[in-house]
1. Across the range 1-39, which residue is surrounded by the most Cβ atoms within 10 Å (Cβ to Cβ) among those that are closer than 18 Å to ARG82 by Cα and polar (S, T, N, Q)?
2. For residues in the range 1-35 being in a helix (DSSP H, G or I) and free of Cβ contacts under 8 Å to residues at least 12 places away in the same chain, which is nearest to SER50 (Cα to Cα)?
3. For the range 40-51, give me each residue that is loosely packed, with under 10 Cβ neighbours inside 10 Å and either in contact with a Ser or Thr (Cβ under 7 Å, 6 or more places away or on another chain) or assigned to a helix (DSSP H, G or I) (or both).
Amino acid sequence: MDKAEKTATIKEFARSDKDVGSVEVQVAILTKRVTELTEHLKIHKKDHGSRRGLIALVNRRRRLLSYLNRKSHSRYLDLIRRLNLRR
């Protein structure tokens, strides 16, 4: 993910103008990285280092989503709908 794509993702999911680290932004960035790594692993099936990194990203995203679900269920539902995540 290049800088322009990351900035666009932050603007799309930010809750305010100066928001760069809310749960929504973090989950959106992690989702983009998970998608990119998944595509990489479809080609490079034996890249176990990247697979380990993918598992770590998915686990971090899962923890952030469960935190958001506990704190604000409506924000959680809106986020998984916008990112097309199944839960």
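1. Of everything passing the filter in the range 1-39, THR31 is surrounded by the most Cβ atoms within 10 Å (Cβ to Cβ).
2. As a first pass, look at the range 1-35 and keep what is in a helix (DSSP H, G or I): 3-13, 23-35.
Now drop any that are not free of Cβ contacts under 8 Å to residues at least 12 places away in the same chain, which leaves 3-4, 7-8, 11, 35.
On the way: LYS3: 21, ALA4: 23, THR7: 24, ALA8: 25, LYS11: 28, THR35: 12 Å.
Applying the filter and picking the extreme gives THR35.
3. Going residue by residue through the range 40-51, those that are loosely packed, with under 10 Cβ neighbours inside 10 Å are 42-43, 45-46, 49.
LYS42, ILE43, GLY49 - these are the residues of the range 40-51 that are loosely packed, with under 10 Cβ neighbours inside 10 Å and either in contact with a Ser or Thr (Cβ under 7 Å, 6 or more places away or on another chain) or assigned to a helix (DSSP H, G or I) (or both).
Throughout, read-outs are computed from the coordinates displayed, never taken from laboratory work. Keep in mind that what you see is a predicted model, and the values were worked out from it rather than measured. Heads up, the Cβs are rebuilt from the backbone with ideal geometry, glycines too, and the neighbour counts pull from every protein chain shown.
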